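Readers should treat all values here as calculations from the given coordinates under stated rules, not as data from a laboratory. Small disclaimer: the values here were computed from a predicted structure and weren't measured. Heads up, the Cβs are rebuilt from the backbone with ideal geometry, glycines too, and the neighbour counts pull from every protein chain shown.
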Amino acid sequence: MAENAENLQSKVSDSNEFAALSFKNEASKLKITDDTEDDSKDGVINIEPKYASKLIGMVSEVDPAEHRISYKVYPQRWIVLAVVALLNNSNTMSWIAFASISNYVDTFYGMNKAANWFSLIFIICTIPIGLFGIWMSSSFGLRFAILIAAWTNGIGGAIRLISSFLPLQIRFPVGIFGQAIAACAYPFIMFLPPKVAGSWFAENQRALATTIGIMANPLGVLMANVLSPQVVGSSKDVLIVNVITFVPSLLACLIATFCVTRSEPRIPPSQSAAQTQMPFFPGIKQCFTNKAYIILLIVMGGGIGMFNCLYTVIQQMFCATGYSNSFSGLCAALMIIGGVFGATISGIFVDRTKLYEETMKLALHSGLIIYLVITAFLFGVFGLASYPVGLELASECSFPVSETTSSGFIVLSGQIHSIIYVAIMSLLARPLKPAYKNIQVCSVEDETSSTAVPQDSSMSVIVLSSIAALLAVVLVIFFKPTYNRMRAEKNSLLVTNGKETNESRQLNDLNQIKDDALIPLAIQQ
């Protein structure tokens, strides 16, 4: 009997793949062929305990339940998301802090359109550095992108603060140099929210995580537009704004350096996160041969460009007709408040319903018609709601392309549109009508002569509104996406469930064999 048991163990251990089946077959053979005098009347084999324990131990080693696919979410995901949100917020404040006080900024730096240049340098730097940033982040990981963004953002803010104490002759060159360094952080920040959502969050939390990371950007605009007009009453107060924008940049740099310890969790949170994503250059080809993605690239880029342009020139448009800097900041704040409300609702909605396409088209319906006629709040509700949904939709229709690539090109398209739209605003601006010259509040008489020149932006607004309406029509009529990521996860779930069913059946058979071996052992003892 001992010899039979040893032969059985040897045969089972020859192949892990067929171990369970071999165990069952050999055990059946022993029941049939055993002729020893010690057998029971039922023909059950009485195996000595030491050999039975070896067999049972061997079975546990090849238990198929150990090889089932499992996913896990970690509490650390919220820390990573918070760092990305703080980076996005502080970098945006550095970008747009001068927009609502452009007349004082022009005087403080001694140059006409200085405030515009502080905003435009962000957009200009994004385009050449954007592709490099996407490639670097795809090659070296999420943590690398976060650290590069944190340190360039912090160093740039420090240089801009130092420029405030320099003589007027060199104040603007040094300040714009610091702004350019901070601008280099944006190409690394722009794709982080959907990348963090895809790498760290389960599929039912991805849209919400993307919304939180993305909405930190307009919240930075809100804070800048509310704080700047309140603290700046003369050109000398621009120094205070530079201090305010530097503090969160420094904080984000420190937290990112010491709190973000890895790019991805040890165990992926979903099937799509576990899947190896497409390399950078094949991913580019995949994106630009996908019709749905190209339409999204143009329309989403146009929408981002519209917001960036409006943030940049809102004070210049309103001051020409007598509205104060505080009122301009209030309108920008209402857009953001409405946008946060709309984006949060849309993010939760698509997480639960997966109606990406329908939500995207509905969000663009009211936000892009006459955005300076309807309230700024409704513009934010309907306009910004499409931002996080659009980036998630880009990841869906371009999968298995990395979120870094798919969202990076969307935001890069937005920067290109921003330059075009700001140029349109400048080229189509006309001299202010005589009736408005007495009520305009653009000119600032300070220590030096006034540098802000009021202009009529009516034609510019009409052209931009027409472009916005055209983009919305294109999206609604021609955009028919395929949810590749969702489909892959559903297919994987079906396959995994099938595997678990087979494994469970096999495991039950093994347990039955164990029982057959243990029962006579108990009787024998």
Check your understanding: Hey, can you rank 179-191, 410-422, 233-245 by average C-beta count inside 10 Å, highest first?
Key -> 179-191, 410-422, 233-245
Exercise for review: Give K291/K480; K195/K291; K285/K490; K72/K285 a once-over and call out the pairs whose C-alpha atoms are over 20 Å from each other.
Suggested key: K195/K291; K285/K490; K72/K285
